[in-house]
Amino acid sequence: NAGVTQTPKFQVLKTGQSMTLQCAQDMNHEYMSWYRQDPGMGLRLIHYSVGAGITDQGEVPNGYNVSRSTTEDFPLRLLSAAPSQTSVYFCASSHGWTERGSSTDTQYFGPGTRLTVL
Amino acid sequence: SQKIEQNSEALNIQEGKTATLTCNYTNYSPAYLQWYRQDPGRGPVFLLLIRENEKEKRKERLKVTFDTTLKQSLFHITASQPADSATYLCALDSYGNTPLVFGKGTRLSVIA
């Protein structure tokens, strides 16, 4: 298994440009999520999905869109890039909701995309 | 408001000693608590998960404790090695449809 893959590894954008960060997993995981990681801020959840066709907002969703048309793929779209979106972006996946009704179990993270917006 | 705090941003320790990292939380009712390791330029990697009804979990040189009364988890690495140098993140997993929430991490440096 390749696990969780992300492309591109690095990206430089100009303010106002749009782009899509790709994320794919081959573990048949139901749950997928996007985080951004900034110095001193830790990992912050942007959007997540509990299955194909279902998405929800996390802590910092503004400026980002997601869709989940298949179990495998969960792309993150930046609609109009801003310098505040300069960050490292991680995609993660897990099996899904646990039997106790709590949220996800072990998360598998991708290698990250380092995005700079000028 | 809900808060997760990892006691220090950075921790330096001598090789061979036991490293102890702390994760405190407020206004959560966690079902599970997880610990992850993150190396520079890489994504976090899962280490251990402990459930609310478990006091302690071990895996090789790693030990995690979970005290829901104190609202605290301790993460220990015994006989620490320079290869253990990394950032360690705790994450809380609550009941209901709420996603995993991460602390900001503690950067551990093991000095030879």
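The values are calculated or read from the model by the stated rules, or taken from the named source; none is laboratory data. Keep in mind it's a predicted model, so treat the numbers as computed, not measured. We place every Cβ from the backbone using ideal geometry, glycine too, and count neighbours over all the protein chains shown.
Descriptive notes on the structure:
- Matching entry among A:Y35, A:Y48 (being of a type in the set (S, T, Y), under 22 Å from A:D105 (Cα atoms), in contact (Cβ under 8 Å) with a residue 24 or more places away in the chain and within 12 Å of chain B (Cβ to nearest Cβ)): A:Y35
- Of the strands (runs of 3 or more DSSP E) lying entirely inside region A:7-112, those containing at least 2 residues that are small (G, A, S) and within 30 Å of B:E9 (Cβ to Cβ) span A:87-94.
- Residue among B:D84, B:D93, B:D67 that is acidic (D, E) and closer than 19 Å to A:Q107 by Cα: B:D93
- Residue in region B:35-49 that is among the acidic types (D, E), at pLDDT 95 or above and over 23 Å from A:Y35 (Cα atoms) present: no
- Residues that are within 11 Å of chain A (Cβ to nearest Cβ) and part of a strand (DSSP E or B), drawn from region B:1-30: B:I4, B:E5, B:Q6, B:P30
- Which numbered condition A:S67 misses (of (1) over 11 Å from the mean Cα position of the chain (by Cα); (2) surrounded by fewer than 17 Cβ atoms within 10 Å (Cβ to Cβ); (3) within 18 Å of A:T113 (Cβ to Cβ)): (1)
- Boolean, B:L92 is touching an Asp or Glu at 6+ places or on another chain (Cβ under 9 Å) and among the hydrophobic types (A, V, I, L, M, F, W, C): no
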